[in-house]
Amino acid sequence: MKKFLFLMAFAAMAWGTEPLSAQSLEPEFEGEVVAVFPDGSSHKLEKHNVRIKTGAGVYIAGFAAAKQKTKVVIDGSTAGVRLDGSQPIELIVRAKDNKADPMSIVRVFRMKATAKNRSAVISAVGTFNVQSNTMEYLPFTASKYGESSYRLVFETRPNGEYGVIVSNPNNVDEKMVIVSTFAIDNGSDPKKK
């Protein structure tokens, strides 16, 4: 009987001290993003509702002489979560599931920062109604992570303020744009070395 109690006590201690698995870094809700630091710690990125701002273009004789830009704007000049670009950077992004190609539903893009806000141009219409998307995307490689997430790894890590948008490919009528934000300091770009 003592041997049995000893084994039960040992098993309870072993279960209680089991280390957290890496899969426990998976965000709780769809659309959330977690930054993973080189020491294994993590921090959830701040989420923001964005304003969509459209600037009027100049039209001459029915043609656009200057571009009309539409941009997403986030209040505040800097992100609260700052990552060291001289170290590896990983993000865990929760989606509806991890069956879709992550390149089709996750966008990581650079934002222009001013003293009051951060913004990115999502479209521009110019002469002869030529449309363009001038967003500067940060390339990543991705792998499945946990039940419904992706693990993003960035080879290039230039300094700047960044936003992450996670779209739902099954929902055609998305009404609200949520952007998670982070910044890279001490950035590096291996392609330029």
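Any read-out appearing in this document is the output of simple, stated calculations on the displayed coordinates, not a laboratory observation. Note that the coordinates shown come from a computational prediction; the quantities given were computed from them, not determined experimentally. Please note: Cβ atoms are built from the backbone with ideal geometry, for glycine as well, and neighbour counts cover all protein chains shown.
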Full-extension gain between SER104 and ASN186, please, as 0.36 nm times their residue separation minus the C-alpha to C-alpha distance.
26.6 nm
At 7 Å along the Cα-to-beta-carbon direction for both ILE178 and ASN159, put a label point, then send me their distance in nm to one decimal.
3.2
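Quick one: net charge around MET135, please, counting Lys, Arg +1 and Asp, Glu -1 for every other residue with C-beta under 12 Å from its C-beta.
Numbers: positive: LYS69, LYS71, ARG107, ARG110, LYS112; negative: GLU136.
Net of charged neighbours comes to +4.
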Mind checking the full-extension length gain between ASP97 and TYR137? Use 0.36 nm per residue of separation minus the Cα-Cα distance, one decimal, nm.
12.1 nm
Nitroxide proxy distance, nm - points 7 Å out along Cα→Cβ at SER123 and LYS44:
3.2
